């Protein structure tokens, strides 16, 4: 209901690009509901590219062109995905911490409590390609102690966190590797890399995992295929 109403108001230019939407508190009064379904609707609108949220400023209607749904059919691809490449994962760190404002914002945490932070490196043929950070709220450390290296985060989330990832949104930016990241990826400081921010949602569009990846672009290319409809392909 909330998503459909806001979606239609954006499409019909009731809310135009650049307009600020009512606050979550105001929406509670407008729709007569709690904050949780409002945040779920906003998360879905953000995933559709119709709004963008600025911490401390509000939620704004994005510049957009609405068309039919295009469903991703692929992900990362490179010459190292060919048969014969050796893929290895190393878990560097598992800790609890208080998330910063950006992470709390992406996870819709109004009163941030500790989240579990997992840092990993993914190697292809012993070349460090990905430096990965995942932040997961409401996760009991006792469930994940002594796990060793985590090879599949999706499997880890399903088996240890008790939920499935149904939707994901990504933001990709070209950045320069700082001294720490360059050391982890074995490139020179200032080397151009991709920074990928991914938010994973459950089937209620509740953000469950925040991830930030740093990726070497000299040996790994970001490649996505899209379909006009899902045609049986998994989301």
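Just so it is clear, none of the values below were taken in a lab; they were calculated from the coordinates. Quantities reported herein were computed from a predicted structural model and do not represent experimental measurements. Note that we place each Cβ from the backbone using ideal geometry, even for glycine, and neighbour counts take in every protein chain shown.
For this structure, a couple of remarks:
- Label-point gap, in nm, between residue 60 and residue 5 - each point 7 angstrom along Cα→Cβ: 2.5
- For the pair residue 87 and residue 20 in one chain, pulling the backbone fully straight at 0.36 nm per residue adds 19.6 nm over the alpha carbon distance.
- In plain terms, the residue of 12, 91 with the fewest other Cβ atoms within 10 Å comes first and the most crowded comes last, giving 12, 91.
- Cβ-Cβ distance of residue 114 and residue 53, R₀ of 25 Å, FRET efficiency by 1/(1 + (r/R0)^6): the value works out to about 0.65.
- Spin-label pair residue 13-residue 149: with each label point 7 Å from Cα along the Cα-Cβ axis, the two points sit 5.7 nm from one another.
- With neighbour counts taken as other beta-carbon atoms within 10 Å, the residues 120, 53 rank, fewest first, as 53, 120.
- Residue 35 versus residue 101: modelled label distance in nm, points set 7 Å from Cα along the beta carbon direction: 1.7
- Placing a label point 7 Å from the Cα of residue 203 along the Cα-to-Cβ line, the residues of the stretch 136-177 whose backbone N sits under 12 Å from it are 163-167.
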